[in-house]
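The values are calculated or read from the model by the stated rules, or taken from the named source; none is laboratory data. On a predicted model such as this, the values are computed, not experimentally measured, just so you know. Counting neighbours? That spans all protein chains shown, and the Cβs are built from the backbone with ideal geometry, glycine included.
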Amino acid sequence: MTPFEPTEDQRAIGALAREIAAREIAPHIAGWDREHTFPRALYTKLNAAGLMGLLVPEAYGGSAADYVSYALMIEEVARVDAGTATTLSVHSMICNAIAKLGNDEQRERWLERLATGDAIAGFALTEPDAGSDAAAIRSRAVRDGDSYVLDGRKQWCTNGGHAAVVMAMFRTGDAGSKGISAFLIDMSLPGVEVEKVTEKLGIHTSNTVDLAFSGARVPAAALMGAEESGLASALTTLAAGRIGIAAQATGILAACLDASVKFAKERVAFGRPIGAFEGIAFKLAQMSTDLEGARLLTYRAAALCDAGEPFAIEASKAKLFASTAARVHASEAVQIHGGYGYTTEFPVERYYRDAKITEIYEGTSEIQQLIIARDLVGRLDA
Ligand SMILES: Cc1cc2nc3c(=O)[nH]c(=O)nc-3n(C[C@H](O)[C@H](O)[C@H](O)COP(=O)(O)OP(=O)(O)OC[C@H]3O[C@@H](n4cnc5c(N)ncnc54)[C@H](O)[C@@H]3O)c2cc1C
């Protein structure tokens, strides 16, 4: 047994997610993907099964599960639909951030609703001119008595069109990394608008929107942590979030392997199942090996996080490896399916479209490489 072998309880959460995904998502996913449907009612069902509150403390109605269980849940959901896994992953990331970084009032106000009350959470850091370089954000929060007044625009906020609450970063001080503060924003407040819904290459069941803030007034208690600690809060939140994206990529990879093995056994060419040809069998062997690697790296990062040990570098490595493998092998899965793989008759074209995003959001692969490299050699340019 490896140190990262999940326990029976952790596996039980994975099994529950698998069973629910098979029953509630699999029969509908082709249509939802085609129609770009955000399946709002699905989250009531996931909520009833305790999956929306997996990372929420029991005191607030959550399951208080650990990150290994969470990774197993995301992997099983992503194996059926990566878009639903995106929604769950961002929602859970914010539940965890509120539990760890929020104040008592924020925990009381939001956690129970997010764990049991059908509310969804979002995260808004990116702006039109600030993605990887998050310290370049311009949206402003100006203190006015007991409130802050928010102005600016946030781009590509996952869940934003359906979220009751969003953790968003605004500039309260000077330019640069230090002048940023985090806020927990009630999305029903006047002055907070969904400006645009973004159409995407993949993860069609995930909702991605631009948010406009125009003179939105939030109480001072909406501040998360100390003023000007917002970038650190965002980066801590994203480090844990990367375990979810690594698990999502692992789930896509598992789906590619399932579909490819089945097809390679069934499809006959030149009088033999195509799996009998080394050119195909070796692709399957590599896919299976990389799937195991992605799983182990993801479990290791999750287990370190659960043990209260530093895990950010391991989470970056897990995300980098799993997302690259998902992209490469989703392409191979299409190749193994030949012409059928390019049609919507088989799900691998969806896996191919969905896999790409795992290399981009919550820090691109280049940013993961930067984080890992700096851990090795330090900041040589500083
Ligand atoms: C579907 C979707 C959902 C998203 N959801 C959210 C969300 O919920 N909340 C949120 O805040 N954001 C979200 N994002 C934004 C996402 O996190 C950013 O797109 C991502 O961080 C990259 O930023 P960018 O697009 O501005 O690319 P840029 O930062 O402009 O990067 C462009 C290219 O340059 C590379 N690059 C940049 N800097 C360096 C460097 N120093 N060294 C080497 N290469 C570099 C990048 O790796 C990339 O290849 C989402 C994006 C998408 C597409």
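Results for (1) within 16 Å of the ligand (Cβ to nearest atom); (2) in contact (Cβ under 8 Å) with a residue 24 or more places away in the chain; (3) over 17 Å from A222 (Cα atoms), shown as yes or no for each residue.
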{"site": "V80", "(1), (2), (3)": "no, yes, yes"}
{"site": "L88", "(1), (2), (3)": "yes, yes, yes"}
{"site": "A97", "(1), (2), (3)": "yes, yes, no"}
{"site": "D129", "(1), (2), (3)": "yes, no, yes"}
| Counted residues, the range 44-82 - those being in contact with an Asp or Glu (Cβ under 7 Å, 6 or more places away or on another chain), farther than 19 Å from F4 by Cβ and either not in a helix (DSSP H, G or I) or not polar (S, T, N, Q) (or both) | 5
| field | Residues of the range 27-42 classified as assigned to a helix (DSSP H, G or I) and aromatic (F, W, Y), total | value | 1
| remark: Taking the range 150-195 and keeping only residues that are assigned to a strand (DSSP E or B) and more than 16 Å from the ligand (Cβ to nearest atom), one is left with D151, D186, E193
| P57 fails exactly one of the following numbered conditions: (1) touching a helix residue (DSSP H, G or I) at 6+ places or on another chain (Cβ under 7 Å); (2) buried (at least 19 other Cβ atoms within 10 Å of the Cβ). What is the number of that condition? | (2)
| said: Looking at the range 288-309, can you tell me whether even one residue there is assigned by TED's automatic domain parsing to the domain that holds V261, within 16 Å of the ligand (Cβ to nearest atom), outside any loop (DSSP other than H, G, I, E, B) and crowded, with 23+ Cβ neighbours inside 10 Å? | reply: no
| said: For the structure I just gave you, tell me whether V209 is within 13 Å of the ligand (Cβ to nearest atom), in contact with an Asp or Glu (Cβ under 9 Å, 6 or more places away or on another chain), β-branched (V, I, T) and assigned to a strand (DSSP E or B). | reply: yes
| query | Is the range 143-156 home to any residue that is more than 24 Å from T84 (Cα to Cα), surrounded by fewer than 20 Cβ atoms within 10 Å (Cβ to Cβ), among the aliphatic types (A, V, I, L, M) and modelled with pLDDT under 95? | reply | no
| query | Are there any pairs with C-beta distances below 9 angstrom linking a residue in the range 360-377 that is over 14 Å from A239 (Cα atoms) to a residue that is of a type in the set (S, T, N, Q) and within 6 Å of the ligand (Cβ to nearest atom), with the two at least 6 apart or on different chains, and if so which? | reply | E366/S132
| query | From the set of residues in the range 339-378 that are away from the ligand (no atom under 12 Å from the Cβ) and over 23 Å from G31 (Cα atoms), which is surrounded by the most Cβ atoms within 10 Å (Cβ to Cβ)? | reply | I372
